[in-house]
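Trainee: Below is one structure. I have some questions about it.
Rule-based calculations on the coordinates, nothing more; no lab input. It should be emphasised that the depicted structure is a prediction, and the values quoted were computed from it without experimental measurement. Virtual Cβ from ideal backbone geometry, glycine too; neighbours counted across all protein chains shown.
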Amino acid sequence: MSEEQSRSLAHDAWVPKLPASGHGYIIINAKSNAEAIETRSKIGSARRNANGNLLHKSAIGLAQKGAAQQREIVMRLTTAATAGFRVSRFERMRLNLLPTMKMRSEWIDATMLRDFETEGTDAHRLCTIDDGWVERFGRDILISFKNAPTRERLTLELNLWGTAVGFKFGRIFIRFLPRKNEEREKPRLLFGSKEENLQTLVTERHLKFGIDFGSGYSVGLFVDQRENRSYVRKIAPKRLLNCFAYTCSFSVAATSVGAKTVNVDLSKKSLARGRENFSLNSLPSNDHQFIADDVFAVLPRLARKGEKFDAIILDPPTFSRSRRGKAFHVEHDFEKLLLLALELTERDGCILLSTNCSTLREHALEVMARYCLKAARRAGKFHRQPPLPDFSPNMGASSTWLCLR
């Protein structure tokens, strides 16, 4: 992206480079007594039919709705010479486009954005579509995409959404979503200063967490676990075992309400960031354990010591490999993991079962858990947190709480 395009994206609207096919762009002017808004949006696949009418697949516009205000919408189509449209024809068109100018439903609205701000949360999802999504981390934006058209669409719509709801973002990072884990790469800076620190801070219901756009594929906080972290604060466990702890966000939530935690993860670097999250919230980490080892090796050791926990977090990766080369596949190994966890759970304890594996939805997790309860001769019930308002249905991690009795 050129410097001129970057400035345009930060202020008015970014128009991608005109493709060779000669597709055009709309300029929409919305005027009222006290405001003048100008934005641009792309018309995809613009062409004429046999009758000379304009055909298009989609036109994304922007207009701010004001009660009892009269707005004038004037459309101007600018195209490459090969498109063959007469600009003057569209200059004469006067259309009432307000009903069609609403931001697409995939994006959160201004009310939800204010609700997040009110509750002390500035890390959450902004938009979800089939092949990508947009997340907010403070004033920074992360666009995750599976293909180039999705990246371009989300980048353009982000600016339109920001203008519509009055959100001024800082940097924009983009991240490709590969099919294979080994193809994962860290986010790339699309817009913003390269000199600015890649590490930043976010808050979730007033708890602080460190974010690092340069540390790897994941930036430090999984926003789809927000409600589960809130449930940890609600049940206020005395002792929490955090398996696959990553940056220890669940442990921070538990410690904020008085818990002692044991954090297990293969990555020493992730656990070090977990300690930093404790410090960010003025929580001492001296009485907490950070174990850089394989969960399947640690859990039996804890059981032999007679350790018990009021809450256990099981949010494993879909696939991983231990230092000894042993592979973990969540579809095949989650059952074994839960059986080990049940040996460590207090009578009235709770276990979070969570995964991003598309074949293990909540119902499948509960079927597996019922089998494990029977095998372990334990009894329990299930609890699900409310759906995340910033996520589309069936998006994000599948989660259920197994509450023993």
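Trainee: Only Cα pairs under 8 Å and at least 6 apart count here; give the relative contact order of segment 194-309 as a rounded whole percent.
Mentor: 21 percent
Trainee: Going by Cα centres, segment 219-279 and segment 129-173 are how many Å apart?
Mentor: 28 Å
Trainee: On to the next question. What nm value, rounded to one decimal, do you get for the distance between residue 208 and residue 110 when each label is placed 7 Å out toward the C-beta?
Mentor: So the two model labels end up 3.1 nm from each other.
Trainee: While we're here: For the modelled label position 7 Å from the Cα of residue 280 along Cα-to-Cβ, which residues of segment 164-200 have backbone nitrogen atoms closer than 15 Å?
Mentor: 197-200
Trainee: Can I ask one more? Over segment 222-404, what is the relative contact order in percent, taking alpha-carbon pairs closer than 8 angstrom and at least six residues apart?
Mentor: 20 percent
Trainee: Hey, another quick one. Would you please give the residues with an amide H less than 5 Å from that of residue 312, counting only those at least 5 places away or on a separate chain, with H modeled from the backbone geometry?
Mentor: 241, 350, 351, 352
Trainee: So what's the net charge close to residue 294: Lys and Arg +1, Asp and Glu -1, counting the other residues with Cβ under 11 Å from its Cβ?
Mentor: Net charge around residue 294: +3.
Trainee: Arrange the following residues from fewest to most other Cβ atoms within 10 Å of their Cβ: 330, 134, 257.
Mentor: Fewest-to-most Cβ neighbours within 10 Å comes out as 257, 330, 134.
Trainee: Ranking 276, 152 by Cβ neighbours within 10 Å, fewest first, what do you get?
Mentor: Fewest-to-most ranking of 276, 152: 152, 276.
Trainee: If we count other beta carbons within 10 Å of each Cβ, what is the order of 288, 383, 332, fewest first?
Mentor: Starting with the residue having the fewest Cβ neighbours, the order is 332, 383, 288.
Trainee: OK, next. Excluding residues fewer than 8 places away in the same chain, name every one of the aspartates and glutamates whose C-alpha is closer than 14 Å to that of residue 268.
Mentor: Those aspartates and glutamates meeting the cut-off are 276, 293, 294.
Trainee: Then there's this: Spelling out what I want: for every residue of segment 328-335, take phi, set θ = phi - 60°, compute 6.51 cos²θ - 1.76 cosθ + 1.60 (Karplus), and round to whole Hz; glycine and proline get x.
Mentor: 10, 10, 4, 5, 9, 10, 5, 4
Trainee: Continuing with the same structure: Given the pairs 269/336; 208/260; 146/269, which are separated by over 25 angstrom at their Cα positions?
Mentor: Beyond 25 Å: 269/336; 146/269.
Trainee: If I take all pairs of Cα atoms in segment 123-221, what percentage of them are more than 23 Å from each other?
Mentor: I get 23 percent for the Cα pairs in segment 123-221 exceeding 23 Å.
Trainee: Taking 0.36 nm per intervening residue step and subtracting the Cα-Cα distance, what contour gain separates residue 370 from residue 218 on full extension?
Mentor: 51.5 nm
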